[in-house]
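Input: a single structure, listed below in structure tokens.
What follows is calculated from the coordinates using simple rules that are stated; it is not laboratory data. Predicted model, so just to flag it, every value in this text is computed and none were measured. Note that we place each Cβ from the backbone using ideal geometry, even for glycine, and neighbour counts take in every protein chain shown.
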Amino acid sequence: MSPLSPERYERNHIRDCARCGRRAAKAANWSDGPICRTCLHKAENTHGTCPTCSTDRLLPGRRDNGEAICRDCAGITRSFSCSRCRHEGQLYTGRLCTRCTLTDLIHTVFDDGTGSISPALRPLADRLIASPNPKSTWMWLRRPYVRDLLSNLADGGSAQRVHQGGDIGIQSLLHGSRRQLCPACLPPWLRH
């Protein structure tokens, strides 16, 4: 199949967003019209009490006056529920919410080679999983140097090597992550 010409792409995919009025690629088409990716992202992260049905949940829809309402009241058929925990919000790979995606990444990064989190790093892993901003923590853990250092810490045999040869990496890890890390959760030799 040949690639779309710019004119055909414009005709098939570009719309004026019903929420912000910006001309952009359509990310969704809901009862209030085509929605751009920016407005979709905002809708996927708007929680509160629906003024129509009085339930506390995700409010991606809009009334005619612009007031946020739940997907059921707005007639949106798309599901925003995490396939694991059922939390409504922005979904990622496997239709998982941010916290479940973060939990999977932490289990991968902190794996000590046995398929479970290293006992020495369990307090740190638990603190990261409970982060008040799971998306920020998830993005931080996706950085290659952070993943490499934490994976090396999880592997007990290389922890001393990380300490001896990775002081610059550890300092940059700690410097950029004061909000995510709790010094008391780190191994004693890393708290300096």
> Tally Lys and Arg at +1 and Asp and Glu at -1 over the other residues with C-beta under 12 Å from the C-beta of THR55: what net charge comes out?
Replying inline: -1
> Spin-label point model (7 Å from Cα, Cβ direction): what's the TYR145 to ALA25 distance in nm?
Replying inline: 3.1
> In nm, what is the difference between 0.36 nm times the number of residues separating ARG78 and ILE14 and their Cα-Cα distance?
Replying inline: 21.0 nm
> So between HIS107 and ASP64, what do we pick up on full extension, going 0.36 nm a residue minus the alpha carbon distance?
Replying inline: 11.1 nm
